[in-house]
Structures are given as C-alpha cells and as structure tokens.
Amino acid sequence: MTIDVEQMRQFYTEELNKVVSRYNHIKQVLDQIGFPTMQIIEEKPISKEALINITKKLTKQRSASINENISKKKANVSAHKTLPVKSKKTKKKRTLWGKILLSRLEKIGKPLRVSELVNDIINFSKLPVSEHSKLKNSLTTIIYRLQKENKLSSYRFSGTKRPVYFGLHKWFLSNGNLKKPYANRLKEN
C-alpha cells in the first residue's frame with residue numbers, strides 16, 4: 001500500500017507543479033497585454049520539500065482515517081457474523097471419508113466401480129442401515145471431488161462408455177491408461 005501512496009504523491013506533486021507553472025505563465029501573459037488578474041494562488045512559490053512535507057502529512061491523516069474505517073467495519077462484521085458449527089463438522093467428515101476411501105482403495109489394490117467402492121466402504125463402516133443412503137450419496141460426491149483434486153482417476157475399457165472404474169491417481173500413466181499391474185488385476189475380474 002505504501003508504494004501506491006508514494007506513487008500517487010509523486011504524480012500529484014508533479015501535476016501541482018505543472019498547474020502552478022501554467023498559472024504563472026498565463027498570469028504573466030495577461031499582465032503583459034494589460035488585462036488585470038485575480039490572485040488565486042500564493043505568489044511565493046512552494047518549495048518541493050515543503051510540498052513533500054504537506055503531502056506526507058495529508059497522506060498520514062488519510063491513511064489513519066482509512067485504517068479507522070476498516071477497523072470499524074471489521075468490528076461491525078465480526079459482531080454480526082456467526083459461523084454455523086455444522087459446516088466445520090461436515091468438512092471434517094468429508095475429509096475423514098475421503099481418507100477412508102483412499103485407504104480402502106490402496107488396501108484392495110485395484111480400481112473399482114463407484115457402486116463397488118461405496119458398498120465396500122458401507123460394509124467397512126458398520127453403520128446402521130438407516131444411515132446407508134446418506135452415506136452412499138456422500139461417498140459418491142466425495143469420489144468425484146477426489147477426482148477433481150487429482151487423488152483419484154477414472155478408467156474405461158476402450159469402446160465402452162460404462163462401467164467407469166476409479167483408482168488412485170498414482171496407478172495411472174500420464175496418458176490416462178492404467179499401469180500394467182493394475183490393468184491386469186482389473187481384467188482378471
């Protein structure tokens with residue numbers, strides 16, 4: 001922020017000097033042709049040092065008032081701001097299920113379809129049946145989120161649209177094909 005203020009100060013100081021110089025020139029020309037002028041600006045020229053001191057003082061005053069306004073706004077925002085606790089818990093759960101999902105895939109050692117992966121995690125979790133539908137929806141979302149984060153990759157056999165198999169990102173080559181040991185494990189099924 002200090003660089004911007006310094007650049008602004010320098011620019012406007014130069015502009016002020018140009019205006020004062022132009023005013024003096026116009027006044028001189030008008031005086032020569034006999035046209036009376038009003039005194040708008042002080043006759044004595046302002047030194048650059050004095051001008052710099054004035055602009056620094058004004059800059060300090062302006063930045064102090066800006067900082068005061070910012071702190072007032074922050075106080076108002078923090079007074080009215082309430083974050084729901086649920087969002088933090090949900091994020092932790094997603095992270096936890098994502099880690100479980102990745103560790104299960106690592107343990108199984110081969111790519112799986114979404115349904116196979118979800119069923120494996122549901123069996124692993126030992127949650128009550130009433131929670132299964134929620135967990136299925138969450139896990140499906142988590143699988144696609146992990147794919148966007150490049151932790152999971154998808155694979156289809158050539159010439160087919162489905163089924164899509166998901167595996168750890170490190171199991172895939174840069175061209176999107178499975179590495180040989182994982183491709184062989186997938187073909188065995």
Pairwise label distance in nanometres, Leu16 with Asn150, each label 7 Å out on the Cα-Cβ vector: 5.2
Quick one: work out Rg over Rh on the C-alpha atoms of the range 85-188, Rh as Kirkwood radius. 0.99
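Read-outs: derived from the displayed coordinates by stated rules, not from any lab. Predicted model, so just to flag it, every value in this text is computed and none were measured. Note that we place each Cβ from the backbone using ideal geometry, even for glycine, and neighbour counts take in every protein chain shown.
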